[in-house]
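Novice: Encoded as structure tokens, here's the structure I'll be asking about.
The values are calculated or read from the model by the stated rules, or taken from the named source; none is laboratory data. The model shown is predicted, which means the values in this text are computed figures rather than measured ones. Cβ placement follows ideal geometry from the backbone for every residue including glycine, while neighbour counts extend to all protein chains displayed. We work out accessible area using only protein heavy atoms, side chains counted, and drop any ligands, DNA or RNA first. Shrake-Rupley method; radii C 1.70, N 1.55, O 1.52, S 1.80 Å.
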Amino acid sequence: MLPRIDINLAKIAHNAKKLVDMYGSKGIDIMGVTKTICGDPIIAKVLVNSGIPSLTDSKIMNIKKMRHAGIQAQFVLLRTPSLSEIELVVKYADISINTELAVLKELSASAKRHNTLHKIILMIEMGDLREGIMPTDLKRFVHEVLKLEGIKIVGIGANFACFGGVKPNEAKMDYLSSLANEVEKTFSLSLSFVSGGNSANYNWFMNTENISKINNLRLGESIYLGREPLCRMPIPGLFTDAFKFVSEVIESKVKPSVPYGEISQNAFGSLPQFQDRGHMKRAILGVGFQDVLVTGLTPSLDIEILGASSDHTILDTKKIDLKVGDEVTFDLNYGALLSVMTSPYVSKNYINANNQSLWLMASSVSVTRL
Ligand SMILES: *Cc1c(COP(=O)(O)O)cnc(C)c1O
């Protein structure tokens, strides 16, 4: 079925193992982020089998799905719970990240009702300006949380390079570590998790002499796409093509390069500009923004994406002759991967599902063999 996403499980397993070993060499544990792949249980299983026993997702629905599929892992909710989903969070997540007392009060009440203990990681605002408790409020906040029964602070964390594009550098990591020390001392607590960030922490990790108290990172992009997100550089030794998007040609014709007629807005409300390149070989793919974030696709062939509407993508196929029915393959960036994995229109095709361990033995010889 087309369009489809080819998911190479052996390449994902390879990336996951490499990252576990690399970060583990300095004492940093990994949580595997599953929101990127919409909590796909088959991929989740690969992560667990590759030495990642903690999985984290921003959607409680995805955590529920993985649990129901029988995935054995510690599940962490990666977004502060909304008040309307508290019961599900206590039921399905072992740990959740949090920044609001109103939410923690409800988590506490629900945990008490169910006679259980819900663990929490407090997120600290460190400049990226998405979620987080302001550092100056931290002590007062912890003081209030400690009054609540049924919940237990097991760590603190921070997030970077998601909203504000702020880098997780040495100064930020030292500051987070010092806040962890302060909380531990002031309240006689022991924090199991000092979670320093996400895939964007790669450059800090490679260049730092001292990881300080940081003992955890939450990784999505570097496992799936083999890149660090600050400059989108490939990480040496990792695969950047574990996922491939495949679509089908539904029209192929020579046409002019500039639209003709009276010009108004296009489907998405902009007035597009075109360069006159004379007549060109144009092909249309039967996919559009409903299926994938088209702007995040890079063709494997030497062809160019001219644009897309809801369910058509227009190509300049340059010197290549594409016929109706031909398959056209693309690499994906983070946004494209996220959109494809959540689209009901894209079928999933798992490759190397059965020979992950066989292949891993081969991979110690060369990573370019697949
Ligand atoms: C999405 C997310 C991550 C994972 O980020 P990657 O860049 O994919 O590694 C980690 N932490 C939080 C809080 C997130 O929302």
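Novice: Calculate one ³J(HN,Hα) per residue across region 129-141 by plugging θ = phi - 60° into the Karplus curve 6.51 cos²θ - 1.76 cosθ + 1.60, and present them in order as whole Hz with x for glycine and proline.
Specialist: Going residue by residue, I get 6, 9, 7, x, 7, 5, x, 5, 8, 4, 5, 4, 5 Hz, with x marking Gly and Pro.
Novice: As an exercise, use a Förster radius of 22 Å and the Cβ-Cβ distance of N169 and K139 to find the FRET efficiency, rounded to the nearest 0.05.
Specialist: 0.35
Novice: Moving on to the next point. Specify the inter-centroid distance of region 293-337 and region 144-198, based on alpha-carbon positions, in whole Å.
Specialist: Taking the Cα centre of each part, region 293-337 and region 144-198 sit 42 Å apart.
Novice: Kirkwood hydrodynamic radius, computed over distinct alpha-carbon pairs, for region 9-225: how many Å, to one decimal?
Specialist: Mean inverse Cα-Cα distance, inverted, gives 17.4 Å.
Novice: Only Cα pairs under 8 Å and at least 6 apart count here; give the relative contact order of the chain as a rounded whole percent.
Specialist: It rounds to 19 percent for the chain.
Novice: While we're looking at this one, here's another question. Apply the Karplus parameterisation 6.51 cos²θ - 1.76 cosθ + 1.60, with θ equal to phi minus 60°, to every residue of region 297-313 and state each ³J(HN,Hα) to the nearest whole Hz, in sequence, with x for glycine and proline.
Specialist: Using θ = phi - 60°, the values come out as 9, 10, x, 6, 8, 7, 9, 10, 7, 7, x, 7, 10, 4, 9, 9, 10 Hz.
Novice: Translational diffusion coefficient, Stokes-Einstein: compute it for region 107-146 using the Kirkwood radius over C-alpha pairs as Rh, at 4 °C and 1.567 mPa s, and state it as an integer in µm² s⁻¹.
Specialist: 111
Novice: For the chain, what are the per-bin percents of Cα-Cα distances with bins 10 Å wide, up to the bin holding the maximum?
Specialist: For the chain, the pair-distance distribution reads 5, 21, 28, 23, 14, 7, 2, 0.
Novice: If you roll a 1.4 angstrom probe over the protein chains with everything in place, what fraction of the accessible area of the chain belongs to carbon and sulfur, to the nearest %?
Specialist: Solvent-exposed carbon and sulfur of the chain make up 52 percent of the total.
Novice: Please list, by residue number, every one of the GluC sites (Glu not before Pro) in region 129-164 that is coil in DSSP and has at most 15 other beta-carbon atoms within 10 Å.
Specialist: E149
Novice: Starting from the Cα of E149, move 7 Å in the Cα-to-Cβ direction to define the label point; list residues of region 172-189 whose amide nitrogen is under 17 Å from there.
Specialist: none
Novice: A follow-up question, please. Using amide H atoms built 1.01 Å from N in the peptide plane, name the residues 5+ places from R218, or on other chains, whose amide H lies under 5 Å from its own.
Specialist: Those qualifying (amide H under 5 Å, at least 5 residues apart or on another chain) are M31, G197, N198.
Novice: Calculate the FRET efficiency for N115 and E327 from the Cβ-Cβ distance with a Förster distance of 56 Å, rounded to the nearest 0.05.
Specialist: E between N115 and E327, to the nearest 0.05, is 0.55.
Novice: Output the relative contact order of region 91-166, whole-number percent, from Cα pairs under 8 angstrom with separation of 6+ residues.
Specialist: This gives 37 percent for region 91-166.
Novice: Hey, what do the phi angles of region 249-255 turn into as Karplus ³J(HN,Hα) couplings, whole Hz, using 6.51/-1.76/1.60 and θ = phi - 60°, x for Gly and Pro?
Specialist: Karplus values, whole Hz, x for Gly and Pro: 6, 10, 8, 9, 8, 8, 9.
Novice: Something else about it: Which order do peptides 237-248, 311-322 fall in by mean Cβ count within 10 Å, highest first?
Specialist: Result, highest mean first: 237-248, 311-322.
Novice: Can you list residues from other chains, or at least 5 along the same chain, whose modelled amide H is less than 5 Å from the amide H of M280?
Specialist: Residues meeting the criterion, in which the H sits 1.01 Å from N, are K255, S257.
Novice: Now for a different question. Given region 84-162 reduced to its alpha-carbon atoms as identical point scatterers, what log10 I(q)/I(0) does the Debye formula return at q = 0.11, 0.12, 0.21, 0.25 Å⁻¹?
Specialist: Values returned for q = 0.11, 0.12, 0.21, 0.25 Å⁻¹ are -0.27, -0.32, -0.91, -1.17.
Novice: For K26 and L83, compute 0.36 nm times the residue count separating them, minus their Cα-Cα distance, and round to one decimal in nm.
Specialist: Here the answer is 16.7 nm.
Novice: Accessible area per residue, 1.4 Å probe, Å², for region 80-120: what's the number?
Specialist: On a per-residue basis, region 80-120 sits at 48 Å².
Novice: Counting only residues 5 or more places away or on other chains, whose amide H sits under 5 Å from the amide H of E248 once H atoms are built in the peptide plane?
Specialist: G286, V328
Novice: Additional query: Determine how large the accessible area of E100 is when every protein chain is in place; take a 1.4 Å probe and give Å² rounded to the nearest 10.
Specialist: Accessible surface of E100 is approximately 100 Å².
Novice: Determine the principal axes of the Cα atoms in region 1-118, then give the extent along each, sorted from largest to smallest and rounded to whole angstroms.
Specialist: For region 1-118, the Cα spread along each principal axis is 43, 43, 23 Å.
Novice: What is region 9-225's relative contact order, in percent, from Cα pairs under 8 angstrom and six or more apart in sequence?
Specialist: After rounding, I find 18 percent.
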